[in-house]
Amino acid sequence: MNLVIVESPTKAKTIGKFLGKEFIVESSYGHLRDLPKSKIGIDVKHNFTPTYVIPKKAVEVVERLRGYATKATKVILATDEDREGEAIAWHLVQALDLDKNKEYERIAFHEITKPAIEEALKNPRAIDMHLVDAQQARRILDRLVGYELSPFLWRKIRYGLSAGRVQSVTVRLVVEREREIKKFNREEYWTIEAKLAKQKSKQTFSAKLYSVDGKTIGKMDVKSESRAQELLAGLKNAAYTVSDLSTKDISRTPAPPFTTSTLQQEAARRFGFSAKQTMMIAQQLYENGFITYMRTDSLNLATSALAQARTVIADKFGEKYMLETPRFYTNKSKGAQEAHEAIRPTDLSKYSDIEQFRDRGHSKLYDIIWKRTVASQMQPALLEQTSVSIAAGNTYVFRASGQVVKFDGFMRAYTEEHDEDDLPADGDEEGMLPSLKKGEGLELKELAPIQHFTEPPGRYTDATLVKALEADGIGRPSTYAPTLSTIQERGYVEKIEKRYRPTEIGFLVNNLLVEHFPEIVDVKFTARIEEEFDEIAEGKSEWVPVIKEFYGPFKKNLKAKEEEVEKQVEASTTPCSHCGEMMLIKFGRNGKFLAC
């Protein structure tokens, strides 16, 4: 008998379907060992050696797996292929004493299908200690920050607060965006818009005033209604003629297949899913064999998937939508794992074959993964873009532009902006420009000044915050969802109408950290640490020097700030009924309160 160990019971059940009777598949239910909760668990004086313990909830699992391992001919570790999965495999070896008395193998695959598992069994490998070290480095550094800085916040603000290397930077992004919004001064501006039509036609189109006496009208040039009315007066009785016309073809290529961050962003935009919700659904789709591994920043597709995409495109859309050769994408993000795959269906012939899930969220997510994967291998869309200048008398010029879809290409399957049902049908030019000729006279149907106001930057949504984290190099695919959940659970931000706003305590904690621990909440510093973790994973550097370089200055600063920073309280204007002194404003779990 061969014992196969994976992380989750669902994954074990799915894999078990593909293996014969000579295999037994069991779950470790995640990590079997971790740093202790009751103490820091890191020997900072001896190269930051971690002390791992088996949590109470895992004791029974360990005993059960040891029993199976004793009887097994061979133990096969089939955890996920990322750093966390590699660390789980290494911890399994340690917890079950496999390196002492049992033959074991490490296998990895990015999809739970029979061919993928059979191929992995034929090609076992050693545990990649570079990946394990990268995971340990992240875990140890985050433990040092959390367990040493959080008590500082308890003493200086209130008990129960926490600080984290990634979460504190994320809170800072939300706080700084809120400050931008509060500082924003709204400005008024006007545009002059004309509704025009061809002679004796009912179909209208809109054009905006572009220039007066050859001088371009900028967005903010018309700042008042009185100025807008002056322009209208000058346009009275003007004749409208097409003075210039240009037409060019534009080719649009499809977006690449999904990565973790782009899937979270698109699911948030289309369905209002939180990052956590998206990852939970994706995890279930992966563990049930419907999609490839969902924590990835690669844009690659397997050769087998590219071949199947051609067949599916020909069958479902027609051969004119096929590419002659596959389209490949390159991820320009630092640290991208190009050896992995993008998120795709394991079988593209399954358009919506996931009826076992009652929750429609699974169908929605699978649907956009399928469409985006297929669209990435379809022909570009060809659009005809027309720009027209319209002279109003000898002084004024209006401009309008429009597009006509000449060949929908990949848009037949999917676009980022619109779902399939929202796309115009072939040849449907509704809302587009009519066919026009230079020198042609036009009929004015309506002329109106339109008032506008500049808008402040928008508060972050799940989609825009994940995008910002990725752009700044903060965290990695596996960290986005838990980070957004953590900052809400800690009470540093709140979600109102699906947008993030900092709370009072969020402002207070951020202000203290920015002033006294700037490196902890510095975007560039945090991004550099992530790059160093990547270098550890690639075997280019050792993890201990990375931790040592950070911890020395951090610890020294923490000791200094312990004496320098006073308790964060402020006086109120309310006297105490007992002593007569002004009461203090303090923070508790439920917000502000007055205390003597």
Self-check item: Residue identified as surrounded by 14 or more Cβ atoms within 10 Å (Cβ to Cβ) and either at pLDDT 95 or above or not in a loop (DSSP other than H, G, I, E, B) (or both) among 314, 305
Solution: 305
Quiz item: Any idea which of 134, 89 is at pLDDT 95 or above and either among the acidic types (Asp, Glu) or in contact with a strand residue (DSSP E or B) (Cβ under 8 Å, 6 or more places away or on another chain) (or both)?
Solution: 89
Quiz item: Out of 423, 444, 484, which single residue is touching a strand residue (DSSP E or B) at 6+ places or on another chain (Cβ under 9 Å), at pLDDT 95 or above and within 25 Å of residue 259 (Cβ to Cβ)?
Solution: 484
Exercise. Please state which of the following conditions residue 287 fails to meet, knowing it meets all the rest: (1) open to solvent by 50 Å² or more (accessible area, probe 1.4 Å); (2) under 30 Å from residue 489 (Cα atoms); (3) charged (D, E, K, R).
Key: (1)
Self-check item: First in segment 425-449 and more than 24 Å from residue 408 (Cβ to Cβ) and part of a loop (DSSP other than H, G, I, E, B), second anywhere and small (Gly, Ala, Ser) and modelled with pLDDT under 90, Cβ under 9 Å, 6 or more apart
Solution: none
Quiz item: Which condition breaks for residue 228 when tested against (1) over 24 Å from residue 443 (Cα atoms); (2) open to solvent by less than 50 Å² (accessible area, probe 1.4 Å)?
Solution: (1)
Self-check item: Positions within segment 1-27 being farther than 19 Å from residue 289 by Cα and in a loop (DSSP other than H, G, I, E, B), in sequence order
Solution: 1, 21, 22
Self-check item: Residue pairs meeting the criteria (Cβ under 7 Å; at least 6 apart or on separate chains; first over 18 Å from residue 296 (Cβ atoms) and in contact (Cβ under 8 Å) with a residue 60 or more places away in the chain, in segment 263-274; second part of a helix (DSSP H, G or I) and open to solvent by 20 Å² or more (accessible area, probe 1.4 Å))
Solution: 271/364
Quiz item: Mind checking which pairs have a first residue in segment 379-406 that is in contact (Cβ under 8 Å) with a residue 40 or more places away in the chain and in a loop (DSSP other than H, G, I, E, B) and a second that is open to solvent by 50 Å² or more (accessible area, probe 1.4 Å) and small (Gly, Ala, Ser), Cβ under 6 Å, 6 or more apart or different chains?
Solution: 380/251
Quiz item: Would you call residue 108 among the small types (Gly, Ala, Ser) and touching a strand residue (DSSP E or B) at 6+ places or on another chain (Cβ under 9 Å)?
Solution: yes
Exercise. Output the helices (runs of 4 or more DSSP H) that fall wholly within segment 87-202 and possess 1 or more residues being open to solvent by less than 30 Å² (accessible area, probe 1.4 Å), touching a Phe, Trp or Tyr at 6+ places or on another chain (Cβ under 8 Å) and free of Cβ contacts under 8 Å to residues at least 60 places away in the same chain, or say none.
Key: 98-101, 114-122, 129-156
Quiz item: Which of (1) of a type outside the set (Phe, Trp, Tyr); (2) outside any loop (DSSP other than H, G, I, E, B); (3) open to solvent by less than 80 Å² (accessible area, probe 1.4 Å); (4) closer than 27 Å to residue 121 by Cβ does residue 63 not meet, given it meets every other one?
Solution: (3)
Quiz item: Quick one: in segment 20-34, which of the residues that are over 21 Å from residue 59 (Cβ atoms) and not hydrophobic (A, V, I, L, M, F, W, C) is surrounded by the most Cβ atoms within 10 Å (Cβ to Cβ)?
Solution: 22
Self-check item: residue 558 being under 30 Å from residue 43 (Cα atoms), assigned to a helix (DSSP H, G or I) and touching a Ser or Thr at 6+ places or on another chain (Cβ under 9 Å)
Solution: no
Quiz prompt | Filtered residues of segment 92-111 (kept if modelled with pLDDT of 95 or more and of a type in the set (Lys, Arg)) | solution = 106
Practice problem: Considering (1) open to solvent by less than 50 Å² (accessible area, probe 1.4 Å); (2) assigned to a loop (DSSP other than H, G, I, E, B); (3) more than 21 Å from residue 10 (Cα to Cα), say which one residue 37 fails and leave the rest. | Solution: (1)
Quiz item: Just checking, how many residues over segment 208-234 are in contact with a Leu (Cβ under 8 Å, 6 or more places away or on another chain) and more than 12 Å from residue 396 (Cα to Cα)?
Solution: 1
Practice problem: May I ask you to list the residues in segment 20-64 that are closer than 26 Å to residue 150 by Cβ and of a type in the set (Asp, Glu)? | Solution: 34, 43
Exercise. Enumerate the pairs (first residue in segment 1-21 and modelled with pLDDT of 95 or more; second residue anywhere and assigned to a helix (DSSP H, G or I) and loosely packed, with under 14 Cβ neighbours inside 10 Å) with beta-carbon separation below 9 Å, excluding pairs fewer than 6 apart on the same chain, so at least 6 apart or on different chains.
Key: 3/71
Quiz item: Got a number for residues in segment 258-301 being assigned to a loop (DSSP other than H, G, I, E, B), in contact with a helix residue (DSSP H, G or I) (Cβ under 8 Å, 6 or more places away or on another chain) and not acidic (Asp, Glu)?
Solution: 11
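For (1) in contact with a helix residue (DSSP H, G or I) (Cβ under 9 Å, 6 or more places away or on another chain); (2) crowded, with 21+ Cβ neighbours inside 10 Å; (3) modelled with pLDDT of 95 or more, each residue gets a yes or a no:
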position	(1), (2), (3)
344	yes, yes, yes
386	no, no, no
389	no, no, yes
402	no, no, no
Practice problem: Determine the pairs where a residue that is in contact (Cβ under 8 Å) with a residue 40 or more places away in the chain, located within segment 501-518, has a partner that is open to solvent by 40 Å² or more (accessible area, probe 1.4 Å) and part of a helix (DSSP H, G or I) with Cβ atoms under 6 Å apart, the partner being 6 or more residues away or on another chain. | Solution: 510/172
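The values are calculated or read from the model by the stated rules, or taken from the named source; none is laboratory data. What you are looking at is a predicted structure, and each value in this text was computed from that prediction instead of being measured. Positions of Cβ are backbone-derived with ideal geometry, glycine not excepted, and every protein chain shown enters the neighbour counts. Ligands, DNA and RNA are excluded from the accessible area calculation, which covers all protein heavy atoms including side chains. Shrake-Rupley method; radii C 1.70, N 1.55, O 1.52, S 1.80 Å.
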